[in-house]
1. If I ignore ligands, DNA and RNA and count only protein heavy atoms, how much of LYS113 is accessible to a 1.4 Å probe, in Å² to the nearest 10?
2. State whether segment 167-212 is rounded, prolate or oblate according to the following rule on the C-alpha gyration tensor (a ≥ b ≥ c being the square roots of its eigenvalues): a/c under 1.5 gives rounded; otherwise a/b larger than b/c gives prolate, and the remaining case gives oblate.
3. When every alpha-carbon pair in segment 94-212 is counted, what percent end up more than 19 Å apart?
4. Under the definition of Cα pairs under 8 Å and six or more residues apart, what whole-number percent is the relative contact order of segment 55-97?
5. Could you tell me the accessible area of ASP184 in Å² (1.4 Å probe, neighbours in place), rounded to the nearest ten?
6. As a test question: what accessible area, to the nearest 10 Å², does ARG56 have when a 1.4 Å probe is rolled over all protein chains in place?
Amino acid sequence: VHTSSGKGYRLHNGKGLRAIPQRLADRLTHASDSIMNINLAGITVSARPGAGVELRQYGLRRLITDGDGLCSTAINFITYNKRHTLWGATDRGVFAMELPSPFSCLTEAQGLKGEVYSIGMIGDVVFFGTLQGVFRLEGGRLTQLQGMNLACWQMERLPDGALLAATASGLYRITLRGMTKLTDGNTLSVCVGTAGHYYTGEMDGVYEVTEK
């Protein structure tokens, strides 16, 4: 850490700061008005004094400011310690941020429309059931499943890895290759029974569905 007083400090055992010799402090870089970039595996981190920290990952963008917990957006320098921690020097102290972050956000700004009711996964591919259909997130690309634009109330995983989706237009079986419609009508819930047998909750009762 290089301070405006010209003194330098080193973080000791992750707990406290210790002064370093002046000859080393003089070699540390000082602030500039240019954008600072750090490229990690799949993540680009950018910082400009007064703007905060911008994270870009798989086409998604998130700006982190003092409203998110930074001690200041007047960032003078950022560095990465290769132990999943991004360090930043500001006019009001030092911040540390875990990268890759355990928290990220998908909203309508990224293309996820409607209130989210259910989430399912097939391998590394994530499916989101919302009031406006089912969306698929794969490799950072978010797309809506064609033909599924009504509410998806529930998703259940099958033993073979496929998903069952209970939607306002019926019960669907979803795989990575596509989807198959099993029933019609507003299906509010689904329960997986024995192989090929499912139970659906609908407006007028409970039905047993046998997949052929």
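The values are calculated or read from the model by the stated rules, or taken from the named source; none is laboratory data. The structure displayed is predicted, hence computed values, not measured ones. Quick note on the areas: whole protein, heavy atoms, side chains included, nothing else; ligands and nucleic acids left out. Shrake-Rupley method; radii C 1.70, N 1.55, O 1.52, S 1.80 Å.
1. It works out to around 90 Å².
2. Cα axes put segment 167-212 in the oblate bin.
3. 47 percent
4. 28 percent
5. Its heavy atoms expose roughly 110 Å² to the probe.
6. Spelled out: ARG56, probe radius 1.4 Å, area about 110 Å².
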